[in-house]
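Input: a single structure, listed below in structure tokens.
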Amino acid sequence: MTASTDQASQNSRFAPRIFSGIQPSGGLTLGNYLGALKRFVEKQDEGIETVYCMVDMHAITVWQDPARLRQQTREVAAGFIAAGIDPERSILFNQSQVTAHAELAWIFNCVARMGWMNRMTQFKDKAGKDKEAASLGLYAYPALMAADILAYHATHVPVGEDQRQHLELTRDIAIKFNHDYDVDFFPVTEPLIEGAATRVMSLRDGTKKMSKSDPSDMSRINLTDDADAIAQKFRKARTDPDPLPEGPDALEGRAEARNLVNIYAALAGVEVAQVLAEYAGQGFGAFKPRLADLAVSVLSPISARMGELMQDTGEIDRILGRGAERADAIARPIMEQCYDIVGMVRSRG
Ligand code: AMP
Ligand code: TRP
């Protein structure tokens with residue numbers, strides 16, 4: 001049997017279910033929107049069961065001011081809803097309200113091997129030079145992420161390119177758990193990394209991803225930026241002096257140019273080749289204002305709706321509370337079966 005048919009048969013007993021998460025460690029960026037949120041909405045609208053989570057426990061793997069964390073959790077939730085997530089059709093909640101995440105993460109800490117964790121590039125990037133000073137949580141982060149996904153028996157996970165390695169680890173954990181306990185209990189989850197914008201780059205440096213935690217605000221478009229800020233950031237975005245080429249291949253080696261074209265394609269919902277067919281031969285002086293207009297037309301309704309939703313944080317909290325109850329209803333029985341498989345005595349109630 002090939003690996004893929006093996007895996008398909010392994011997953012066939014699991015109903016399709018999508019899970020994904022975003023850290024409330026800062027405001028949402030255009031990278032989050034194109035790489036994640038926009039695709040979360042598409043999956044919801046395809047009618048698949050969708051579970052979306054503000055991963056507040058992941059956020060605290062690096063220091064978060066408590067008042068800001070609370071505010072950002074609500075703001076990210078508002079961003080989900082403003083982008084088109086319907087909290088009735090999707091399950092929308094914050095991670096810490098469903099205890100299965102932490103419980104399963106512990107079991108996975110005992111399944112994952114030190115050697116696997118040592119290979120995680122995000123830890124190396126985030127911990128920087130002084131690894132001794134990084135939190136233990138930052139090191140164990142990928143095991144918690146696997147728990148997020150597998151506590152729901154999720155079969156598919158839409159994410160940006162930067163999460164590929166974590167999803168491979170999630171698969172390894174599921175396979176090792178199933179093997180060690182001789183069960184077919186966890187699905188081997190498929191990553192969904194699709195579209196023109198799986199890796200939106202910084203506007204200041206085409207080799208770094210656009211990130212909510214970059215110290216330079218000019219490096220990113222925030223979902224809450226107004227039209228002037230968006231126009232200014234694209235105007236100042238780094239590019240090269242050459243005009244836009246005829247075809248996608250000629251963007252090779254032009255990281256900044258390629259990034260802006262990818263962003264345009266993803267915002268317009270067209271192929272990169274189509275964008276180039278329209279703009280080939282034109283310079284960035286002409287292209288950037290058109291890109292800014294397009295971004296404003298897509299983002300301003302979202303940011304306006306976010307602003308309205310943030311007027312009533314009580315309602316956001318109620319939505320997250322209801323979402324957590326629905327999430328718990330799925331995760332709790334899976335968690336109990338998992339404890340049973342592992343050999344924990346469960347005798348209450
Ligand atoms: P984070 O903000 O790191 O919690 O990321 C949440 C989701 O957004 C993940 O699926 C990421 O892969 C995705 N994402 C974050 N930044 C980018 C980016 N610059 N380009 C594409 N996707 C991104
Ligand atoms: N690690 C992801 C990020 O930084 C966030 C995340 C946590 C996640 N748990 C998840 C994404 C589960 C997908 C599925 O982007």
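All of the numbers you see were taken from the coordinates with simple rules; none came from a lab. All figures in this text were calculated on a predicted structure; none of them were measured in a lab. Note that we place each Cβ from the backbone using ideal geometry, even for glycine, and neighbour counts take in every protein chain shown.
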For region 262-326 and region 100-167, distance of Cα centres in Å: 29 Å
Hits among lysines - C-alpha to C-alpha of K38 under 30 Å, sequence gap 8 or more where chains match: K124, K126, K208, K209, K212, K233, K236, K288
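Let's test the formula: R0 of 30 Å, r as the Cβ-Cβ distance of M117 and E194. What FRET efficiency results, to the nearest 0.05? Don't jump to the answer; show the numbers that get you there.
On the way: r = 27 Å, r/R0 = 0.91.
FRET efficiency, M117 to E194: 0.65.
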Dipole of region 25-88, positive end: most advanced residue of G84, W63, G26 [Cβ charges, Cα centre]: W63
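What is the magnitude of the charge dipole of region 217-308 about its Cα centre, with +1 placed on the Cβ of each Lys and Arg, -1 on the Cβ of each Asp and Glu, and no other charges, expressed in debye to the nearest 20? Mind dumping the intermediate values first?
On the way: 10 positive and 14 negative charges, 45 e Å.
About 220 debye.
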Segments 130-141, 187-198 sorted - mean Cβ within 10 Å per residue, highest first: 187-198, 130-141
At R0 = 45 Å, FRET efficiency that the Cβ-Cβ distance of D184 and L136 yields, to 0.05: 0.90
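For C110 and S213 in the same chain, what is the full-extension length gain: residue separation times 0.36 nm, less their Cα-Cα distance, in nm?
In short, 34.0 nm is gained.
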Computed FRET value (nearest 0.05) for Q311 with V62, which takes r as the C-beta separation and R₀ as 25 Å: 0.25
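Applying a 10 Å radius around every beta-carbon, put 47-56, 222-231, 275-284, 147-156 in order of their mean neighbour count, most first.
On the way: 47-56: 21.9, 222-231: 17.7, 275-284: 16.0, 147-156: 24.6.
The packing order, highest mean first, is 147-156, 47-56, 222-231, 275-284.
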Residue-span extension gain [A277 to S347] - 0.36 nm each, minus C-alpha spacing: 18.5 nm
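To the nearest 20 Debye, how big is the dipole of the chain about its Cα centre, given +1 on the beta carbon of each Lys and Arg and -1 on that of each Asp and Glu? If you can, show how the numbers build up before the last one.
On the way: 39 positive and 47 negative charges, 136 e Å.
Using only the charged Cβ atoms, the result is roughly 660 debye.
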For the chain, radius of gyration divided by Kirkwood radius, i.e. Rg to Rh on alpha-carbons: 0.98
Computed lengthening from I175 to R332, 0.36 nm per intervening residue step minus Cα-Cα distance: 54.4 nm
Lys/Arg +1, Asp/Glu -1 at C-beta; region 217-308 dipole; positive extreme among S300, V261, G247: S300
